[in-house]
Amino acid sequence: MAMQLLLVAALAFATVVAVFALQNAQMVPIRFFGWERETSVAVISLVAAALGAACALLAGLVRQLGAGLKNRQLRLEVGRLQRELEEERSAKEALVNELEQAKAALGAVQAAMASPAPEGGREEAEEAPGGRAFAPDQA
């Protein structure tokens with residue numbers, strides 16, 4: 001929609017310049033830094049409009065180039081951040097696996113400690129001073 005509006009405005013401006021040029025065809029002297037020439041007002045107005053359009057085009061191109069460079073820079077940063085995110089996810093997954101293995105090992109140790117020892121597998125509990133029993137390896 002904005003592009004269509006811009007096109008309509010440009011065509012309206014071109015029409016105004018063309019009408020001005022057709023109505024002002026008389027010859028006038030032009031002096032610029034010692035240079036002198038006689039030309040029509042129409043030529044002067046058309047050249048001025050063309051130079052203005054060229055300046056606007058140049059400014060637009062500079063802006064587009066800047067936006068393109070910024071876009072490229074941001075795409076590179078997105079790629080870097082995606083790689084970094086994948087590395088972090090891999091590290092997290094490795095840590096979760098390690099945690100699960102540690103939990104399983106802890107569960108096995110706790111189960112082994114809770115189950116009764118086989119006959120002759122443990123030393124007899126000795127009586128500590130004060131009447132409490134304890135196993136020698138639990139001191």
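The values are calculated or read from the model by the stated rules, or taken from the named source; none is laboratory data. Owing to the predicted nature of the structure, the values given are computational and were not obtained by experimental measurement. Here the Cβ is made from the backbone with ideal geometry for all residues, glycine too, and neighbour counts use every protein chain on show.
Condition check ((1) among the basic types (Lys, Arg); (2) in contact with a Ser or Thr (Cβ under 7 Å, 6 or more places away or on another chain); (3) at pLDDT 95 or above; (4) under 30 Å from residue 13 (Cβ atoms)) across all residues:
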| residue | (1), (2), (3), (4) |
| --- | --- |
| 47 | no, no, no, yes |
| 50 | no, no, no, yes |
| 65 | no, no, yes, yes |
| 76 | no, no, yes, no |
| 86 | no, no, yes, no |
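The residue list 25, 9 contains one member that is out of contact with any Pro (no Cβ under 8 Å at 6 or more places or on another chain), surrounded by 10 or more Cβ atoms within 10 Å (Cβ to Cβ) and part of a loop (DSSP other than H, G, I, E, B), which is 25. Residue 38 fulfils the conditions (1) assigned to a helix (DSSP H, G or I); (2) at pLDDT 90 or above except for a single criterion, (1).
Beta carbons closer than 9 Å, at least 6 apart along the sequence or on distinct chains, never pair a first residue in segment 24-42 that is aromatic (Phe, Trp, Tyr) with a second that is in a strand (DSSP E or B).
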